[in-house]
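In what follows, a single structure is set out as structure tokens and then discussed.
Read the figures in this text as sums done on the coordinates, not as results from a lab. Not measured: the values here are computed from a predicted model.
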Amino acid sequence: YSSKDLHGAELITSYVFNQVENIRFNSTVGKYVGYTELGLKNAEAWNKGSELAQELGELERFCKPNAATHYSAVLDKTGEQG
């Protein structure tokens, strides 16, 4: 995100095995995208199942409240010279 109001917040979840990204969820795209043969099959199934609804809710449930906390704890502080 790039602003304090978190309007542009984006959740990206990547599923990697042996340094190969198989599936990625991007909240801006709003679905899972597969990058390997297995990833394509799983992405298709996850986009039809309850996994998609759960992942879509994570941005509002987890990311935005925690980002606001981190923003106020870290970014609102001015640098202090010691």
Residue by residue through the range 25-38, which ³J(HN,Hα) values in whole Hz follow from phi under the Karplus form 6.51 cos²θ - 1.76 cosθ + 1.60 (θ = phi - 60°), with glycine and proline marked x?
-> 10, 10, 5, 5, 6, x, 7, 7, 10, x, 10, 10, 4, 5
Scan around I23 for amide H atoms under 5 Å from its own, H built in the peptide plane at 1.01 Å from N, and keep only partners 5 or more places away or cross-chain.
-> Y15, Y35
Fraction in percent of alpha-carbon pairs per bin - 10 Å, the range 3-76 = 19, 42, 26, 12, 1
